[in-house]
């Protein structure tokens, strides 16, 4: 399983692996005889990769720099620059919080959101491996003095074994046990017995005098008792001394082992799904044998690499972002590219939705608010920001559709009203020497991160002749149109 | 199998027909949007009272008093001779002549998510296919871009994220307008549409919307997905919604207090009142959710509380619709994703039971004052005239005036009927 990757220095690995995966995908595409999309323009790529890696659109400065850069490896250097910036941890802590703790988006557990996300941010900044992250979450101490925000995962499950079993198997293993809690489902791979054997790890051990302590749980609506047992057939080895949290520790070790067939694959699948709009396996909650990946070799390569790099998330993202498949445009010249009857083979990039956080950060960026001011905790605590983001929180950002209420918020809401008076617009107001073309270009670069097309410039000039005089109302009108556009609100 | 969702249904249908080499008129069941509009009969509006969690219908509409599965509730006589309801439905009992209780609904889906999908779309979940909800199917054909209010409104859905995509393969323009979704704000604020008023002082309104439309059209052409098209259609719908007169429809303070009290000052009651206003304004489909029916523990206490809420609200709705001459034009549906176990469990609760449960139809097109079908003495099985979900939905379609056998093209290119072809319309339930 560990290929020649280990003989290559870590700095070169993402590039070499990306080339390997590109080759594999091209073989798959050729065999399937399907048309693939074309490469993104530089502007498209920069916007996409900035949103994906640091959670906001690029600034005007970043756009001009990138478009003006003539070096052939500018895309790779941009990927690495973004991953090394502090904003990477800021964004991906948020992504992982939604992924691992969806309960924190519900009223009952909203209080867990900020502490858990802060903890994730610190872990990502420290470049902790994904494996140690999960171990920390699974074995977090319930002891109030010792507890870190990692305990949020346990808190969100209210420490109930059944909840913990269902939640942990789903988010850390990609195994959906929901049905198995109550009955043996005809289509599911997992039995009710297996569910409760797994849940038993989340109980405290019971021990009778002289006997080895056991972890067991009574199965509801029956007289059976389940003994702690893995979802795989391997035997459990218990340590010599056993305490309240032994079950979770032992389970965490099994769960995060490189021999566990689900752990690394699940992480790889989820990260892939985020960046590519669809998982290598869909749905991402179901990595069972019944669900074959469309491109199995790619999945195997990425998983092996992930394990070999000690579960390095940044390295995984760096690899995927380098792929030809990641860099395909979403605009399809041929209808046949996306309207195929066969399995999805990543032959084009689908348009993806944005999370509430991404939209909020992008709006501020477009309006000219400095990026660094978003770091402070007080920023996170403002209820206006929370309210805005909650209105846009979807269950799967990749599939998020714009609702009428969201459109109204962007069109008429207080945040939009405020941003119309932001730096972007006022700077142009204060520069009367700019031609209409230049004014439009500045607004486009700030909001849509590209140059306006000639027909777009013509449309605006025709509709708003007052732009010529630098009329502030006309400028605001343009800004309003651009931030309300479909193009601004999605990740294409 | 994963394919990108089709969204612009009419465009793809034309392309699909062309690719099949199918001549127009070759099969009368394949009708293009224009033909549907031309053939449409006068349609009724539909209000769906969605009982989320699986309501214990054995304690409401089909009591087994005297049997050990019967539980503590007693039966009471209704205005219809021979038809009895639970004692906690005194107000609806007076409306029994308008209600058709279908007692023999039966499915194989005992999981909340799968069963909800089945009841709301008429189909069990099938991989990548994005089945549209009944609301979207009903709203289809009513759709016009100049409509002020989206034709499908969903009030306090239990999972707004799911309801958000209820348009399914019919396209995001048929996603519902969602009010009070996943929120914990007070009732009075929850049912308002926020941000209807434009930003004060912002000029060039007409120009802005024209430019926006041009920009969006350019962007979505050449991209096939639901995500970007939803952004386009949401803007169009929002603009219509912000018109002055339209905003008033959502303002419940326009109703006298006594009227609002009659429905009950809770989210469900006020939601039903809003549903009446929407239907009055021409909205074809509104669903209002009452959550909390998953009574594995403490069934009778919880059910009694929930029944109190909907007995009052629904009876108020019936009276209100009748007073305004709207009852004949409005079909009302009461249902949840499954019933509950006849055998009471160790926690004085009932668990999931899809094998035999009830749904209720009322209002326009429905022959009230009857119970259709019957269950066994112990409530566990259907003994007379079993009803599948397609049967039920096909019946609702007929009452509302849409064709249950009409085909739509799904997002995996397969044509899919509004209701599965196995459906048998329950003729006795219709007028």
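We did not get these values from a lab; they are worked out from the coordinates using the rules stated. Computed from a predicted structure; not experimentally measured. Cβ atoms come from the backbone with ideal geometry, glycine included; neighbour counts cover every protein chain shown.
Some observations on this one:
- Each label point was placed 7 Å from the Cα along the Cα-to-Cβ direction; for residue B:210 and residue A:69 their separation is 4.1 nm.
- Beta bridges from DSSP with both residues in the protein assembly as shown: antiparallel share about 50 percent, rounded to the nearest 5.
- Each Cα pair under 8 Å and six or more residues apart adds its separation to the average, and for region B:47-189 the resulting relative contact order is 14 percent.
- Angle between chain B longest axis and helix B:205-220 axis [Cα atoms, degrees, rounded to 10]: 90 degrees
- Note on chain B: helix-only mean residue ellipticity at 222 nm, from DSSP H runs of 4+ residues weighted -39500 (n - 2.57) and normalised by residue number, equals -10000 deg cm²/dmol.
- Alpha carbon centroid spacing (whole Å) that separates region A:430-491 from region A:96-132: 38 Å
- Chain B: antiparallel DSSP beta bridges as a percent of all, rounded to 5: 45 percent
- Among B:376, B:258, B:56: highest mean-square fluctuation, GNM of chain B, C-alpha pairs under 10 Å: B:258
- Taking chain A and dividing mean pair separation by its residue count, relative contact order in percent (alpha carbons under 8 Å, at least six apart): 18 percent
- Sites residue A:129 and residue A:27 - FRET efficiency at Förster radius 41 Å, r taken between beta-carbons, to 0.05: 0.85
- Counting beta carbons within 10 Å around each of B:381, B:57 and listing the fewest first gives the order B:381, B:57.
- Shielding by partners - mean other protein chain Cβ count within 10 Å, residues of A:455-465: 3
- Average partner coverage of B:210-221, which counts Cβ from other chains inside 10 Å: 6
- Gyration tensor (alpha-carbon) shape descriptor, the protein assembly as shown, a/c threshold 1.5: oblate
- For chain A, the average shadow cast by the Cα convex hull is 26.6 nm², which is a quarter of the hull's surface.
- Rounded to 10°, Cα long-axis angle of helix A:86-100 versus longest principal axis of chain A: 50 degrees
- Taking every C-alpha pair closer than 8 Å and separated by at least 6 residues, the mean separation divided by the residue count of chain B gives a relative contact order of 30 percent.
- Fluctuation leader among B:324, B:265, B:44 - chain B, Gaussian network, Cα springs under 10 angstrom: B:324
- At an R0 of 51 angstrom, the distance between the Cβ atoms of residue B:76 and residue A:461 translates into a FRET efficiency of 0.10.
- Using distinct alpha-carbon pairs, which all enter the 1/r mean, Kirkwood radius of region A:1-136 in Å: 17.9 Å
- Straightening the chain between residue B:428 and residue B:301 buys 42.2 nm, computed as 0.36 nm per residue apart minus the Cα-Cα spacing.
- Between 0 and 90°, nearest 10: helix A:113-125 axis offset from chain A longest Cα axis: 90 degrees
- Mean Cβ count within 10 Å, highest first, over the residues of peptides A:456-463, B:152-159: B:152-159, A:456-463
- When B:417, B:94 are sorted by how many other C-beta atoms sit within 10 angstrom of their C-beta, beginning with the fewest, the order is B:94, B:417.
- Legend: translational diffusion of region B:229-387 by Stokes-Einstein, Rh = Kirkwood radius over C-alpha pairs, 20 °C, 1.002 mPa s; D = 117 µm²/s.
- Hydrodynamic radius by Kirkwood, which averages 1/r over all alpha carbon pairs of chain B, in angstrom: 22.5 Å
- Residue-averaged beta-carbon neighbours from other chains (10 angstrom radius) around A:352-365: 1
- Between residue A:259 and residue A:141, the modelled labels are 3.0 nm apart [label points 7 Å from Cα along Cα→Cβ].
- Highest mean packing first, where packing is the average number of other Cβ atoms within 10 Å per residue, the peptides A:404-416, B:106-118 line up as A:404-416, B:106-118.
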